[in-house]
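Have a look at the structure below, then the notes.
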Amino acid sequence: MLKLVNTTKKFTGGDVVTTALNNINLEIKAGEYVAVTGPSGCGKSTLLSILGLLDAPDDGEYWFHGQNVAAWSEVRLSELRRGRIGFIFQSFNLIEELSVDENVELAMEYASVPARERRERVAEMLDKLGVAHRAKHRPSQLSGGQQQRVAIARALVNKPAVLLADEPTGNLDTAHGEEVMRILQQINDEGTTIVMVTHSPAHAARASRTVGLLDGAIAELATTAAAT
Amino acid sequence: MKLQDFRVGLRILAKDPGYSLVSILGLGVGLGVCLLLLGYARYCWQYNAQVPDADNVYVVKHRDNLKLGAPWYDQAPLLLLAAARTVPGVTNASAYVNWLPLTVEVNGRLRRLGSLTVLPGFAEMMGLKAIKGDLNDALSRPDAFAITENTAIRLFGTSDVLGRTLQLRLSAVDENRSIARIAAILRDPPANTTIPFETLNGPNLSLVPTLLRNELLGNSEWMGYLLIRVQSGTSLAAVTEVLQQAFDEAPGTQKIAPQQKERLGDRHVRDIKLSRLRDAYFDREVATDWLSLAVDRGDSTIVAGLVAIALLILALAAVNYINLTTIRVVRRQREIAMRKVLGANNTRLALQFAAESLLVSMLASVTGFVLACLALPVFSELMNRDLGSMLSLENIGIALGLGITLGLTTAIYPAWIAFGVRTSLMLMGRLDTESHGSKRLRQGLSVLQVSAAMGLASFTLGVFWQARFAIDASPGFDPSALLVFDLPKGAETGDEKPRGLMAALSQRPEVAGIVVSSDAVGRSQESWNTEIRREGREALIIDVKSVSPNFFQQYGIRPAAGRLFDPTIDKEADSVPLVINEIAARQLGFASPQQALGQALLFRSIENDVPVFITKRIVGIAPEIRFNSLRETPGPVAYALSRGWDVTLTVRASGSITDAERAAQEVWSQYYPNSVLEIRPAKEIYAANYADDARLARLLALSTAIAMIIAAFGVYVLAADAVQRRTKEIALRKLFGTRRRDIGKLVAKEVGAIILLSALFAIPLAALAIARYLATYTEQTPLAFWALAFALVTTSATAAFAAARQAWVAMMLKPAAALRT
């Protein structure tokens, strides 16, 4: 489903060139639950941004659903991404000026889903994630766990094939973190491919496969106990 | 754009009411000022636009080449009408005159009306239609006339006056009366017209003397205001040629004396020319005399300047708003990145920002419109124009259009920043920073704001000081004890009644003396240029002032050489004695003023319509008296003794000028009970020459104040942003022991750089503008260029004050708390 072939990404800041990803080869099959681990600055977020079509590699190939999108422009990547990839972030990234239901609806608006269908799916998703009673609240009125559930709802409302999660439990306490992990598991069980960046070995163990990054390269690939 | 975008915009405004108020109010003030100034410019450019097909209507002007140095007048001989009607392409030719002002008695008081006597075709030319009654009837019958709606309400308290009969006379001094009825009621002409009227009558009105009626309806050489409408594409040169020929071949023209023909050479007796009616308001070459219709004239350069100021202030307000919005967009980068992650493309983002910006600009438009309405009465008074019509639906539409344009334009830069937000950087937590280029652009915009304020302040002060200098400039005598008034139209100082008035007034203890002259000193209502020469020498064109023998004595003027007119020696109408000024003496070739004394001069005069040269003898040389404004170079002047045809009286007060004025009012009311005395201090006559400059200075002062406030706010925002941006740096500096005052200097440096750059930009431009303005004056205030220094100091102080609070915030910053956040 997702395949990186000799993929490299560099960042230039003044005279300094940083290689964030160095010749990465990685394949993620449909339905997989992959955890990406590694120390700070090893390239996890860069990997996620390339997988999520937010950025393009400088070298190599990236095969997304059978198309090599490595050389695509930002506009084309944006169109491809719309409705196919969901994102969850450590800091939730909900828009404060919108209510909970409006935040979830925003993803469908950009995907040109008709208004009636949007309303139905929003209600369904909020109910599924247990935040329907907060539909008209603003994000700042919710707890961290509730905000992340709203973010998950937003990420899933378009029924994406892939869900990318960047440290989804990083700003949550243990209980809420557990809750989020349980939801992710449920989503994966329903068939959604998940790629999750995490610092937590316990959470990484919940995935079917772990990819360890170090200095922009894959240092370790392991199948976890959860896969077996 | 979606409703959601406006909803989000509204929530953003509500979230930060302080920011929102400043944004909307700042933009609103800019829009309000812009509306007023642009509305005024439109008012000026729309003069006479109410006339149907106004672009093809022309005023016929003439210049009398028999009078040396004569200007153009917007009147022409009535005989040209018949000629105009024969030209192919001329669809209408008509005329109006204002020599027959109807006076009507209402509630025991005589009221003189702004009346026009109009010839056939006028109503059609002007597109006039009666609201009530029959206009044709009103303009053709001997016992009928038309009145405007507001005039009727002013006189009678109601516009329902159709059929009312009134006793009319032609002036307060005229004994002839006539009964006429109101046969038609018209809409009032707009304030922006050069053809104002309160009543209209035809030449057949019985009150019109037969002689005048015959002149109006016949092929008369008498002057009237001629209007010609042509079809599009008609050759104006052809029309002008026909009119010129008609005048050249007129019997009166043929009768000029051979000496006059010889002097004219190839020139016509009168030059005839056509001028667009739409351009009449800005036609500065047209002169007025005491018979002219009193209309306002404008200066197109000043109006264009006001438009530039309006757009500048709007630009400053827009820059402020863009600065605020840009800062806000930078802080919303995370949101923008998230929207892009969710699938928003650039078009969607642009529409969102456009909607938010439109919301603010629409609210600002409403605010600006309300402010403009509230300020309109004061603005009208400031501009000395009736600007009530500015609140038209059309102008409201233009205001809305301006608001929409502003909203869309101010969204461009913030949208551009949003386009550049990299979503991948958001994942890496590297947002909330502004690019170097963006920062520089905002600083550049702040420089522009402060420059504009500094430049405007400099120019304003320059204009103000020059106007003050001109008003206070000595006219060559002390005007403080002098009052000036004119006799009623039709009266001359040689008539019995005026003589009686003068005798009675001179008996009053409050009055030290009364002077007769052809015009008030400092006013150019009446001009008399003629030729004088020394035997065997070239002729000199000279401005002649007709004065009574006591003129110099009452004005307190002493001779530069010889003697001036003396009532004990000189008698009125004595044609021999002549006084000239030093410039005339020099230009006549005298080596010194003393040399001119006793010399004979040939003075060209008109006797029985024939030019003759009479001999006059120079009895004295007068010092310079400022007859004209400081814009005109003083020229040669001659003083001749009055012959009883003059109309201006000057009263010297023996004590208080107020008492003298009261005495004049009392005596006037005995001789002219039905005429209002319009008496003014002599100083005011001078000040009137600079009324436009004083008005311009006040308007500029207001604009400068607004520009300063906007610029100060811009500096405040810049300083606030600088402190916010450098919070970490400031905290670290403090951790390493930097003193508070050094932190304050950091902020001061940033603001100081803005002020310095602004000065480098603004001061030279302002100096150039001041120099160009001063070049219109023959004498200039020595203070003008001090305006630059004063403006620099004032603007710098304002900017420093605006930044002071942020400097204080930076100085008081707690490092630990700052580093934690």
Seminar exercise, completed: For helices (runs of 4 or more DSSP H) lying entirely in region B:238-331, having 1 or more residues that are within 30 Å of B:A769 (Cα to Cα) and among the hydroxyl-bearing types (S, T, Y) picks out B:300-331
Seminar exercise, completed: Those residues of region A:1-20 which are more than 22 Å from A:T193 (Cα to Cα), touching a Ser or Thr at 6+ places or on another chain (Cβ under 9 Å) and not basic (K, R) amount to A:T8, A:F11, A:T12, A:T18, A:T19, A:A20
For this session: Within region B:414-421, identify whether any single residue is surrounded by 15 or more Cβ atoms within 10 Å (Cβ to Cβ) and in contact with a Lys or Arg (Cβ under 6 Å, 6 or more places away or on another chain), and answer yes or no.
Result: no
Exercise. Looking only at residues in region B:743-772 that are surrounded by fewer than 18 Cβ atoms within 10 Å (Cβ to Cβ) and within 31 Å of the chain's Cα centre (by Cα), which one is farthest from B:P634 (Cα to Cα)?
Worked result: B:F761
For this session: Please state which one of B:A246, B:A294 is out of contact with any Cys (no Cβ under 6 Å at 6 or more places or on another chain) and surrounded by 17 or more Cβ atoms within 10 Å (Cβ to Cβ).
Result: B:A246
For this session: Pick out, from region B:543-609, the helices (runs of 4 or more DSSP H) lying fully within it that include 1 or more residues that are of a type outside the set (S, T, Y), surrounded by 15 or more Cβ atoms within 10 Å (Cβ to Cβ) and in contact (Cβ under 8 Å) with a residue 60 or more places away in the chain.
Result: B:551-555
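Which residues, counting only those in region B:764-821, are assigned to a helix (DSSP H, G or I) and of a type in the set (S, T, N, Q)?
B:T794, B:T795, B:S796, B:T798, B:Q806
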Problem set entry | Failed item in (1) surrounded by fewer than 22 Cβ atoms within 10 Å (Cβ to Cβ); (2) closer than 18 Å to B:A573 by Cβ, with B:T493 passing the rest | (1)
For this session: Considering each of B:G513, B:G522 in turn, give the residue that is over 34 Å from the mean Cα position of the chain (by Cα) and touching a residue at least 12 places away in the same chain (Cβ under 8 Å).
Result: B:G513
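For the subset of region B:276-297 comprising residues that are of a type in the set (D, E) and modelled with pLDDT of 85 or more, which member is farthest from B:L227 (Cα to Cα)?
B:E285
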For this session: Go through the residues of region B:298-307 one by one and say whether even a single one is charged (D, E, K, R), modelled with pLDDT under 90, surrounded by fewer than 17 Cβ atoms within 10 Å (Cβ to Cβ) and within 30 Å of B:G403 (Cα to Cα).
Result: yes
For this session: Quickly run through region B:1-28 and pick out the residues that are among the β-branched types (V, I, T) and within 19 Å of B:V319 (Cα to Cα).
Result: B:V22, B:I24
Exercise. For B:N65, which of the numbered conditions (1) at pLDDT below 90; (2) buried (at least 18 other Cβ atoms within 10 Å of the Cβ); (3) away from every other protein chain (no Cβ under 14 Å) fails to hold?
Worked result: (2)
Exercise. Out of region A:104-127, which residues are more than 10 Å from every other protein chain (Cβ to nearest Cβ) and either among the aliphatic types (A, V, I, L, M) or closer than 16 Å to B:R348 by Cα (or both)?
Worked result: A:V104, A:V113, A:A115, A:V122, A:A123, A:M125, A:L126
Seminar exercise, completed: Of (1) away from chain A (no Cβ under 14 Å); (2) outside any helix (DSSP H, G or I); (3) surrounded by 22 or more Cβ atoms within 10 Å (Cβ to Cβ), B:G343 fails just (1)
Seminar exercise, completed: Counting only residues that are more than 9 Å from chain B (Cβ to nearest Cβ) and outside any helix (DSSP H, G or I), region A:87-103 contains a total of 3
Problem set entry | Members of region B:654-667 found to be touching a strand residue (DSSP E or B) at 6+ places or on another chain (Cβ under 8 Å) and of a type outside the set (D, E, K, R), listed by number | B:S654, B:I657, B:A660, B:A663, B:A664, B:Q665
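With the structure loaded, tell me whether B:L21 is within 14 Å of chain A (Cβ to nearest Cβ), free of Cβ contacts under 8 Å to residues at least 60 places away in the same chain and surrounded by fewer than 17 Cβ atoms within 10 Å (Cβ to Cβ) or whether it fails that test.
It is false that B:L21 is within 14 Å of chain A (Cβ to nearest Cβ), free of Cβ contacts under 8 Å to residues at least 60 places away in the same chain and surrounded by fewer than 17 Cβ atoms within 10 Å (Cβ to Cβ).
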Problem set entry | Tally of residues being in contact (Cβ under 8 Å) with a residue 60 or more places away in the chain and not small (G, A, S) across region B:371-395 | 11
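The values are calculated or read from the model by the stated rules, or taken from the named source; none is laboratory data. For clarity, every value in this text was computed on a predicted model and none was experimentally measured. Cβ: placed from backbone, ideal geometry, glycine included. Neighbour counts: every protein chain shown.
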